[in-house]
Structure formats: C-alpha cells, structure tokens
Amino acid sequence: MKDEGQNVNPSNNETTKADRDVASDGSKPGLGCQKGEKEEATPLGDGSKVEQRVGLEDLPSPPYTIFKHYEKAGIIVLVSFLAMISPLSSTAYFPALTSIAEDLNVSISLVNLTVTTYLIFQGIAPSFIGNFSDTYGRRPAYMICCAIYLGANIGLALQDSYPALLVLRCIQSCGSSATIALGSATAADMVTRAERGKYLGYASMGVTLGPALGPVVGGLLDEYLGWRSIFWFLTILSGVLFLIIFIFLPETCRSVVGNGSIEPPWWNMSLIGYLKQRQQGDTAPAPAKPPRKRPNPFASLKILFQKQTGFILCFSSLMYGGYYLVLTTLSTQLTTRFGYSSVVVGLCYLPIGIGSICYRYTGGYLMDWNFRRHAKKRGIEIVKNRQQDLSRLPIERMRMEISLPMVYLSCAMVMVYGWIMDQQVALAGIEVSLFFCAVVFAGSLNNLNTLIVDLNVHSTATAVAANNLARCLVGAGAAAIANPLIDRIGLGWTSVFVAALWLAFSSLLWVVMLKGEKWRAMEDNSPTK
C-alpha cells in the first residue's frame, strides 16, 4: 500500500491537504500506515481474520490560528482604533485651515498644500513599513510608527513657521499612514477568507470613525482652545494607544509566529506575554521558525503592476479619489452655502461615520454569505478556523458579485448628494444622502480591499500598502482639483462627472470577474512562480 505523509506548516496561509489512504476494497480510510510498516491480520473468535493497519492516524490540518474568537475580535478592534489616527489626523486639520493661515500669515492655498503633501506621504510610507512588517512582524512596525507619529505631533504643536508645518505634516503622515495597512494585515493573519467580511467590519471601524470624528474634534478644539490644541490632543491619544499596544498586543505575523503557536523573540512580545513567559520558564522545545525573506521596500510597486491587482487598484483608487472629493469639499460647501460654524460643520460629518460602520451589517454580511454560497456550489466544506484552498474557489467572482452592485449604487448616491447640495435643499436631505453614500462607498472599497488581500495572502501588509499608495496619490489629485472644478461647473455636474468616471472604469472589475480565475491559474502554473 502506498503511503503519503502530510506536510503541515503552521506559518503558511495555505495548508497542504493530506492525501488519504484508500483501502483496496473501496471502503473509507481509517488508520494510515507509515512507511516500512506492515498490515497485520488479527484473528477473531470465529477463526476469521480482518486486516488491521498499524501506524499513526492521519493527522488533521492545524487550525489557521490558535486565537479564540474573542481574542481575534479584541486584537482587531485594538489595531483598528490605532489605524484611526491616520484619517483623524487628516480630517481634524480641515476646520482649522483658516485659523492656521491667519496665525502663520500665509494664504489658504499654501495651507491646502500641506493637505496634498500629507496625502502623498500617506501613500508612500506604508510601502516601506508594510513590507518590513511582513518580514519582521507587526509589533516592531507599530512601535516605529507610534514613535514617529508622537514626535511629529509634539513638533507640530510647538512650531510657529510654515516650512516647519509643511515638513512636520509629512513626517506625521509617515508615522500614521502605515497603521491602516498594518491593521488589515493583522486581521488577515488571524481570519480565514470565509470570515473576512465579518471581521474586516471590525477592522474598518476605526478607519471609518476617523473621517467622521476628525472634523468634530478639530472644530471644537480650534473654536475653544486654538489650532495647536488639535496636535496636543493627537499627542495624548497616540501616547495612550502606544502604551496599550506595548502592553497587550501580541505578535500575529505568520512569518514570525505561524498560526500563533510559535513563540516570538523576547523583544517582539507584548509586556504581558513576556511576563508570562518569565513566570512559566522556557521549558518547551522551540519549534522550527518559518523562513524569512529580506524586506523589499519596492514590493508594493510590483503588486501595482500585476494584471489582476493592477486593474482592481486602478478602479479603487479612482473611487477613493471621488470619495475624498466629497470629504474635502463638504466643510467648504456647508460653510459657503449655509454659513455654518466649524462645530456644526464637524457634526455634519457624523452620518458618514455611522454609514461606514453599518458596512459590517450590509456589505460584510453579504460578502461572507456569497463566499459560503459559492463554496457550496463547488462542493467545498467550510470548516471553522481552517483556511480554504484558493485554487478551487472563484474568489474574484465571489467578491465582485457584491462589489459591483455597490459600485453602481455609489454612482447613483454621489449624484443624489451633489444635486441636493447644489440646489441647497434642506440639511436633512444632505445628511441622509451622505449616510447612504457612506454605506455603499464602504461596501465597495472594503470588498475590493479584501480581494487584494485574498490574492496576496503571503504579503498582506505589502498588498494593502500598494492599495494605499494608489488611493492616496489619486486622492491627493482629487483634493487639489476639487474646488476649482466645483467653481467652474458646479457641484451637481461635478458629481455627474465623478459618477460617469466610476461607471466607465467599472469595466475593469468586470474583466477581473470574468478572467481573473483563469489568470490566477496561469500564474500559479508558470515556471517562475
């Protein structure tokens, strides 16, 4: 009888499925026979004999992660709130633009330049930190980001010149922006594809709260304490989050700890984990550590130029640019058209945050449901805490069937918002349209982000960094042309232009849905793979 062993490596995102021994009579396999062992005949009381296989039972595949549900949810919520500092730093700045320009005696255009440079560095920095974290772990990357961000905020609160403001905002962006990629990567370290819709809802919670709370916090602080208090607030917030990460956050990177069963180096442990290890003592033999590859800061560019991911990132960056156009112009439009104060303007951003949070109960639920539906059609059983074999799943179709309808709803809702604001209809109409815009925007962008992670499961932080690079560069361009475009053709026709752009480029998503599985199979079978 031919025997084949099982190759199990908990560091891999994919688990090699063991070949099952099949009895010669066609019955279901029982015990596996190791090499060099024989099948012995055991006599029964009636004189007959049955064959008994001697050896180890065929081992089941290891769990995808050893973290329990509440641990996964807690870790993902924690890193999600740390990721909130990136959009919070960006949007809390908006209500204070006028005050900063007056205090530093510069024009609004020059202060707006700090917004554009912030977005540019927000796109570039994660490409370096993300790839570093895929090699050396999430915790060291978080520590580096927090240290840079903390120092930049102290400098911004103390500086009193425009050049210092411009440079320190770029450094602040470098420290905060990578936390978004690290948050998505941390979630992917612990969550299988079948559960990503549910858990990535937790992961996006902080990121979506940032744009909603930022203008409120910035408006209140600028109104009553001055614009410098915004940066002192961010200093305190980041300091508290840094301490929580240092004390509680365990290492999750699969190239460092596998599925969580491999012990990281002492310098890569949480404070609680280190104290537990000291208390218990090092009695267990150290398991084999997964191999590491050298970090490559340009790996994000390689992902950008892949066929499938390139198409997805091209469209998602255009969609993010339109979304950022809404975010950056909302405060200006509410102030000029309705004469609201910075505090009221900040409160008007709340429906965007609430709508984004609702993604977990709309797009996230639908994404998981569609995954289970396709797996059932392919005859694949969804086993809890076991990763699914991507080669047997039409992952592109599974994600796009949810993303595409939300893209087209986004086209409709951005036009509704644009014309309601253009015609200065009641504020309630504007807020309701913003809520539904946020729901479908979050559904579209998060589903596409999930597909990027699915296709680059061995370098998740690098993949999300590539996504961030494309989005932020386009977002910077959208922020630069938004107000001149609205002044020229009006907000209503600007929203029509944005919707038409999305509609035209959505053909890229159709191409990925129809040909993506074939492209992936060709790439997996290529000799250079």
(request) Can you pull the one-decimal nm distance between simple spin-label points at PHE248 and ALA428, each 7 Å off the Cα toward Cβ? (result) 4.0
(request) Would you calculate the separation in nanometres between label points at LEU166 and TYR224, each defined as 7 Å from the Cα along the Cα-to-beta-carbon direction? (result) 3.5
(request) Might you report the magnitude of the Cβ-based charge dipole of the stretch 302-412 about its Cα centre, with Lys and Arg at +1 and Asp and Glu at -1, to the nearest 20 debye? (result) 500
(request) Using only the alpha-carbon atoms of the stretch 159-219, report the extent along each of the three principal axes, biggest first, to the nearest angstrom. (result) 51, 24, 9
(request) Identify, among VAL512, MET421, LEU445, the residue whose Cα sits farthest towards the positive end of the charge dipole of the stretch 403-529, taking +1 on the Cβ of Lys and Arg and -1 on the Cβ of Asp and Glu, with the dipole about the Cα centre. (result) VAL512
(message) Need one value: the accessible area of ASP160 in square angstrom, 1.4 angstrom probe, rounded to the nearest 10.
(response) 120
(request) Among the listed pairs LYS302/LYS377; LYS302/LYS515; LYS72/LYS518, give every one whose C-alpha distance is greater than 29 Å. (result) LYS302/LYS377; LYS72/LYS518
(request) Could you check how much of the accessible area of the stretch 137-238 is carbon and sulfur, as a whole percent, using a 1.4 Å probe? (result) 77
(message) I want the local charge near TRP493. Using Cβ-Cβ distances under 13 Å, sum +1 for each Lys or Arg and -1 for each Asp or Glu among the other residues.
(response) -1
(message) If each residue of separation counts as 0.36 nm, what is the full-extension length gain between ASN105 and ILE380 once their alpha-carbon separation is subtracted?
(response) 92.5 nm
(message) If I ignore ligands, DNA and RNA and count only protein heavy atoms, how much of LYS377 is accessible to a 1.4 Å probe, in Å² to the nearest 10?
(response) 150
(request) First select every other residue whose beta carbon is under 14 angstrom from the beta carbon of SER229; then total the charges, Lys and Arg +1, Asp and Glu -1. (result) -2
(request) Just the Kirkwood number for the stretch 305-414, please: inverse of mean 1/r across all distinct Cα pairs, in Å, one decimal. (result) 17.1
(request) Using a 1.4 angstrom probe on the protein heavy atoms only, line up HIS458, HIS374, HIS69 by accessible area, largest first. (result) HIS458, HIS69, HIS374
(request) Calculate the length of the line joining the C-alpha centroid of the stretch 306-351 to that of the stretch 406-475, in whole Å. (result) 9
(request) Any chance you could run the full-extension gain for GLU523 through THR98? It's 0.36 nm times the residue separation minus the Cα-Cα distance, nm to one decimal. (result) 147.8 nm
(request) Starting from the Cα gyration tensor of the stretch 310-365, take the square roots of the eigenvalues, sort them a ≥ b ≥ c, and report rounded, prolate or oblate (rounded when a/c is under 1.5, otherwise prolate if a/b is larger than b/c, else oblate). (result) oblate
(message) Using the Cα centre of the stretch 397-487 as the reference point, and only Cβ charges (+1 on K/R, -1 on D/E), how large is the resulting charge dipole? Debye, rounded to the nearest 20.
(response) 280
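The values are calculated or read from the model by the stated rules, or taken from the named source; none is laboratory data. The structure displayed is predicted, hence computed values, not measured ones. We place every Cβ from the backbone using ideal geometry, glycine too, and count neighbours over all the protein chains shown. Just the protein is used for accessible areas: all its heavy atoms, side chains included, with ligands, DNA and RNA removed. Shrake-Rupley method; radii C 1.70, N 1.55, O 1.52, S 1.80 Å.
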